[in-house]
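Some notes on the structure that comes next.
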Amino acid sequence: MSQELTTALECLDKSMVQLRRALRDIPYRSAGFRGDHTAFVKSVAALRTSLSYSRSQLEPASARRRRK
């Protein structure tokens, strides 16, 4: 399960980079798009942080015991 989470986080990172590249040529300050974009990016960052912190709970118990 942890591997699936790692893959999902990598895909999310790639998508956000792709979004950043796509927005270079768009005048997103007009029509209030900037506010929507900022809210979206903040929510994705919060999601990514939460998922990243939950990774330790998804590891098998044997792997958690080996670390201690």
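Take the residues of region 40-60 that are surrounded by 11 or more Cβ atoms within 10 Å (Cβ to Cβ) and assigned to a loop (DSSP other than H, G, I, E, B): which is modelled with the highest pLDDT? Working first, answer last.
Of all residues in region 40-60, those surrounded by 11 or more Cβ atoms within 10 Å (Cβ to Cβ) come to 40-41, 44-45, 47-48, 51-52, 54-56, 58-59.
Going one step further and asking which of them are assigned to a loop (DSSP other than H, G, I, E, B), we end up with 54, 59.
On the way: Ser54: 84, Glu59: 69.
Once the filter is applied, the top-ranked residue is Ser54.
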So, of the residues in region 7-24 that are among the aliphatic types (A, V, I, L, M) and at pLDDT 85 or above, which turns out to be farthest from Leu58 (Cα to Cα)?
-> Leu19
Between a first residue in region 13-39 that is surrounded by 10 or more Cβ atoms within 10 Å (Cβ to Cβ) and a second residue that is part of a helix (DSSP H, G or I) and at pLDDT 80 or above, which pairs have beta carbons less than 6 Å apart while being 6 or more apart in sequence or on different chains?
-> Tyr28/His37
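The values are calculated or read from the model by the stated rules, or taken from the named source; none is laboratory data. Because the structure is predicted, anything quoted here is derived from the model rather than measured. Glycine also receives a Cβ, built like all others from the backbone with ideal geometry; neighbour counts cover every protein chain displayed.
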